[in-house]
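Asks: Take a look at the following structure, please.
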Amino acid sequence: MSTYMKKINLQLFVATMAPLGFFYKKGEGGGLLDITLLIYVVLYVMVVYNMLIKKEKLVLFKYDAVVYLVLIVMSFSLLYTPQPMAGLVKFLKFTVMGVGMIYILRSFVKRKEDITKFYKYFLFNSFVIQVLILIDFAANEFPVGRYKYHGVHPIATAMLGATSLLIVLILFSAKKVRFSTTLILLLTSISILIIGASKGPILAIAITLFLMMRGLKKVNLKLMLLLGVILVTLLNLSAVQKYTEFLTDRISNTADSESSAVRLNLYDQAERIFYENPILGAGIGTLKEYPHNLFLEVLAENGLLLGFMLIIVLLMVCKSYFGFLLDKSLDINYSLSLSLVIMSFVSLMVSWTYVDQKYLYMGLGTLIMVHSSLVNQPKYEVEALMRTEKSLRTTTL
């Protein structure tokens, strides 16, 4: 047991707990010293330890320039926002808990295998949370509707199921997890996705699986057939049908639903705020409720200036996707990182807010490292590589 524990990368393991803070603290509140903030404090202490005690440098890449520009624009909007305190809180959440995850992972990941290990750790922690949610769901006598686990928003619950489902499929296609483990995780993830009953995560996982089909072509046929039989059996059980009927009704009656009417009103508010100040926006924190659309949220609060940067980021993701299609090696880390970024962006177009969508920053953090691992090595590593190559040539001659 002690040997097994020594193999665990504690820093990466703790990092996978950060996106699950909603569930640890059982709700979206929690005050100043809530569990999510505590996890991030521990993570930043680990980063400082790596830099000061272990003398490890935090490598910077060319992609970081976009991050810095985004932070500058958002911080500038604090000067004119009508809601300075709300704006400051939102900016700090985005900086410390969002963008910060990109650099936390960069400090913790030492080699390519660490990225795969990170996503495996996430599956373990998410499985524990899923089991707790399902136990609580059963204890509450299987209520029909959008299930709230101790006040956690159903979008967060459904997104947990969608993220776990996506990661386990990709890991299994690369033979990184066992068949039995995959089957269990698929069942729990799909169950969580269903009881969350949120349209955004369901749409996001469907589109992402379609786009990433090339990376899933090695999925075991036996698994798919067995899962199909299990799903058909479950869907024909009367105890399950009422939940699938509720979810189907939510998806098919989007235009007439109350939530859609509320969302359209939020769209109108965001558009009106944007038109009043299209260049700079009204300032971060202006929106009392997020409009469930990434572009509207960004344009309303930070205008075309930040909207243009968002388009640049999306174009970079598109370029990365075309690179994935042309990549003959089908690198597992490439597939994991890119798929998580795509699913996060798709979900943000129809639900949630970019401040709380921590899966996006997990994906961006590892995707940047995948792209930069060969073309942007630290100077001392490049020099060492050149010295080694030169000595080998001399020995050969």
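All of the numbers you see were taken from the coordinates with simple rules; none came from a lab. Nothing here was measured: the structure is a model prediction, and the numbers come from that model. Glycine also receives a Cβ, built like all others from the backbone with ideal geometry; neighbour counts cover every protein chain displayed.
Asks: Ranked from highest to lowest mean number of other Cβ atoms within 10 Å per residue, what is the order of the peptides 193-199, 136-142, 361-367, 208-214?
Replies: Details: 193-199: 23.0, 136-142: 11.1, 361-367: 25.7, 208-214: 15.7.
Per-residue Cβ counts within 10 Å, averaged per peptide and sorted highest first, yield 361-367, 193-199, 208-214, 136-142.
Asks: Which pairs, out of Lys120/Lys319; Lys7/Lys110; Lys57/Lys117; Lys7/Lys117, put more than 19 Å between their alpha-carbon atoms?
Replies: Numbers: Lys120/Lys319 26 Å; Lys7/Lys110 14 Å; Lys57/Lys117 22 Å; Lys7/Lys117 11 Å.
The pairs that break the limit, which is 19 Å between Cα atoms, are Lys120/Lys319; Lys57/Lys117.
Asks: Another question about this same structure. Please compute the net charge surrounding Val96, taking Lys and Arg as +1 and Asp and Glu as -1 over other residues with Cβ under 12 Å from its Cβ.
Replies: Working: positive: Lys90, Lys93, Lys358; negative: none.
Around Val96, the charge tally is +3.
Asks: Among Ala162, Phe172, Met101, whose Cα sits farthest toward the positive end of the charge dipole of region 58-173 (+1 at Cβ of Lys/Arg, -1 at Cβ of Asp/Glu, about the Cα centre)?
Replies: My answer, from the dipole projection, is Met101.
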